[in-house]
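> Take this structure first; my questions come after.
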Amino acid sequence: MFKSVAEAIPADGRMELIITHCGDGLLSVTARTVKKGEPDNCLLIPLVVKGTPEELDAEFASVIAGYKTEHDGLTTNLDAIKADRKAVEKKAKSDAKKEAKKKPASKKAGAKGTAGAKDTAPEDPDKNRKEGSVSADDVSWLTTTPASDANFQGRLKKASVASLEKALQGRSALTNKEAIAAELAKLTNKTKADILVPVLTEGYKAVTDPRSRAGLALKLEKLTGKTIKELGLPPVQPSLLDTIPGSDQPESTT
């Protein structure tokens, strides 16, 4: 019997036998082979044989031999599964390494292909307006059409910086100049006040109508936070300033 048992034990493993007395002269023998370092063996179904001592003496050897055959088949299958799993894991690691190597390479390639890209800002959506030339049609429209006109804003937002600057220097209503200056401020690094104050100052000096000059004076003082005297400009008649509230000042052209 022990010859058959010895043949069933793996060369680098062991066989566990559990013999239990079941009563009525019967014994239960549980046999399980365990291969060293192979936790997968816990999946194998142990052999359980029940019989009298005499029956076990006579038949246990043949039963254990059959168990070995089945066990070997299962072990072979497990080995194949493990081999496949290791091959998959190896390929996955290899692919991951290849991808890791590709990423820095593609980054460098991109840098070479776009020399100077690091210092290049995204394309300015207003580039054409900033670089465009003066449009006489736009200048005429912006200086003669009331700012309240439904189409004024549409034309204003399409005009080039050169056209806006030209229109701002032309003779137009104060509300037009304010709208043009506000649009220029969006397209340049200047504030609305920086753009409007010099223009209104020149208009103030050039205008001869007292009421128009008074309206410009109020706007200049509001934009700069200074009085006309502090700005170094000739004074306006006090009576005229008193009669022109900032919110109700007449439309003046410069």
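> So the check is Cβ under 6 Å with 6+ separation or different chains; which pairs have a first residue in segment 139-158 that's surrounded by 14 or more Cβ atoms within 10 Å (Cβ to Cβ) and a second one that's not in a helix (DSSP H, G or I) and not polar (S, T, N, Q)?
Correct list of pairs: 143/170.
> Separate question: So residue 84 ticks every box in (1) at pLDDT below 70; (2) surrounded by 10 or more Cβ atoms within 10 Å (Cβ to Cβ) but one. Which box is left unticked?
For residue 84, the failing item is (1).
> Report yes if residue 102 is modelled with pLDDT of 70 or more and surrounded by fewer than 10 Cβ atoms within 10 Å (Cβ to Cβ), otherwise no.
It is false that residue 102 is modelled with pLDDT of 70 or more and surrounded by fewer than 10 Cβ atoms within 10 Å (Cβ to Cβ).
> Continuing with the same structure: Out of the residues in segment 149-190 that are hydroxyl-bearing (Ser, Thr, Tyr) and closer than 22 Å to residue 203 by Cα, which is modelled with the lowest pLDDT?
Once the filter is applied, the top-ranked residue is 172.
The values are calculated or read from the model by the stated rules, or taken from the named source; none is laboratory data. Keep in mind that what you see is a predicted model, and the values were worked out from it rather than measured. A quick note on method: Cβ atoms are made from the backbone with ideal geometry, for glycine too, and the neighbour counts reach across all protein chains shown.
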